Amino acid sequence: MRQPLVIGNWKMNGSLAFTSELLHTLEDRIDDKISCEVGVCTPFVYIKLATELTANSVIKVGAQTVSEFKAGAYTGEVSALMLKELGADWVLVGHSERRTLFNEVNAALVQKVLAAQSAGLTPVYCMGETEADYKSGHTFSVIADQIGALLDSDDVDLNNLVLAYEPVWAIGTGLTATPDEAQKVHAFIRTLVKEKNIKSAEGLRILYGGSVKPDNALSLFGQDDIDGGLIGGASLDADAFISICQQA
Ligand code: 13P
């Protein structure tokens, strides 16, 4: 049985005041009666504050990206060890905004997953097809390529990993894959992981992301291979995020 997981991806939003207010509200209202695991991925600069504010709650904090390098002359980068020291538990790797806006490619993303795991973080490896891929029927080949890069590496620990399927055309657009469409992709991802390691595949959580809102969360999370959500816009609104967590 996989415990559902809901992670908020705040992207580059917020301020000190906003972060503190939202986390106080979440800390107050999300307690151990909630049956899903809950995470928030804040901008780097708020991670320490977030881990302090959530220290006595079930909420776990994460980052939105990480360097593939351990240390050294990499101006502007933040290492996995630094994130761990701040108290982070998760890190998103390969979000479509990183892939498209910052040219992150599979080979570097696999290194980021390895860097995160070796520092004791759990990477959330994100995959998804563009609108053009979707319309031309290439969803499954794009996903196979993105997950394939990870599965080709024998060093990746499949037992300390979360996967996320986020169709790019559904992110921030108000469009979502139908529960049935999303389930097919999630089942496909799990099958590919099974070919590598059946036991890990059964325990592996695969989140869905892309315009998840309180009014569509239940039908998505009700699918066999959808183990929770990666939430963008709705994670910035306490009521919406809590409702999504309750539905998970
Ligand atoms: P939205 O929920 O705003 O569509 O964003 C999804 C996302 O990118 C989460 O990582």
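The values are calculated or read from the model by the stated rules, or taken from the named source; none is laboratory data. Just so we're clear, the structure is a prediction, and the values are computed from it rather than from any experiment. Cβ atoms come from the backbone with ideal geometry, glycine included; neighbour counts cover every protein chain shown. Side chains included, ligands, DNA and RNA excluded: accessible areas come from the protein's heavy atoms. Shrake-Rupley method; radii C 1.70, N 1.55, O 1.52, S 1.80 Å.
Using 0.36 nm per residue of separation minus the Cα-Cα distance, give me the extension gain between residue 71 and residue 25 in nm, one decimal.
That works out to 13.0 nm of additional length.
Net charge near residue 37, counting Lys/Arg +1 and Asp/Glu -1 over other residues with Cβ under 12 Å of its Cβ?
Local net charge: 0.
Would you mind checking which residues have amide H under 5 Å from residue 93's amide H? H placed 1.01 Å from N; only 5 or more apart, or other chain.
124, 125, 126
Hey, what do the phi angles of the stretch 168-173 turn into as Karplus ³J(HN,Hα) couplings, whole Hz, using 6.51/-1.76/1.60 and θ = phi - 60°, x for Gly and Pro?
4, 6, 9, 7, x, 9
log10 I(q)/I(0), Debye, Cα-only the stretch 36-133, no solvent, q = 0.10, 0.17, 0.23, 0.24 Å⁻¹?
-0.27, -0.73, -1.19, -1.26
If you average over every viewing direction, what projected area does the convex hull of the Cα atoms of the stretch 138-192 give, in nm²?
With every direction weighted equally, the projected area is 4.3 nm².
Quick one: net charge of residue 228's neighbours, Cβ under 9 Å, K/R +1, D/E -1?
0
How much mean residue ellipticity at 222 nm does the chain get from its helices, if each DSSP H run of length 4 or more adds -39500 (n - 2.57) and you divide by all residues, to the nearest 500 deg cm²/dmol?
-12000 deg cm²/dmol
Quick one: net charge around residue 138, please, counting Lys, Arg +1 and Asp, Glu -1 for every other residue with C-beta under 12 Å from its C-beta.
Here the count lands on -3.
Over the chain, what number does the Rg to Rh ratio reach, with both radii from the alpha-carbon atoms and Rh per Kirkwood?
0.94
Of the residues 162, 78, 40, which exhibits the maximal mean-square fluctuation in a Gaussian network model of the chain defined by a 10 Å Cα contact cut-off?
Of the options given, 78 has the highest mean-square fluctuation.
For the stretch 88-131, with every protein chain kept in place, what is the accessible area per residue (1.4 Å probe, Å²)?
Per residue, the stretch 88-131 has an accessible area of 33 Å².
For the stretch 60-90 and the stretch 116-135, what is the centre-to-centre distance using only Cα atoms, to the nearest Å?
Centre-to-centre distance over Cα atoms comes out at 17 Å.
Can you work out ³J(HN,Hα) from phi for every residue in the stretch 243-248, in order, using Karplus 6.51 cos²θ - 1.76 cosθ + 1.60 and θ = phi - 60°, giving whole Hz and x for Gly and Pro?
My calculation for the stretch 243-248 gives 4, 5, 4, 5, 6, 6 Hz in order.
If the elastic network links every pair of Cα atoms under 10 Å, which of 16, 86, 109 fluctuates the most in the Gaussian network model of the chain?
Greatest mean-square fluctuation among the candidates belongs to 16.
Give me, ordered by chain and number, the residues 5 or more places off residue 166 or on other chains with an amide H under 5 Å from its own placed amide H.
Those qualifying (amide H under 5 Å, at least 5 residues apart or on another chain) are 127, 128, 209.
On the accessible surface of the stretch 1-53, probed at 1.4 Å, how many percent belong to carbon and sulfur atoms?
55
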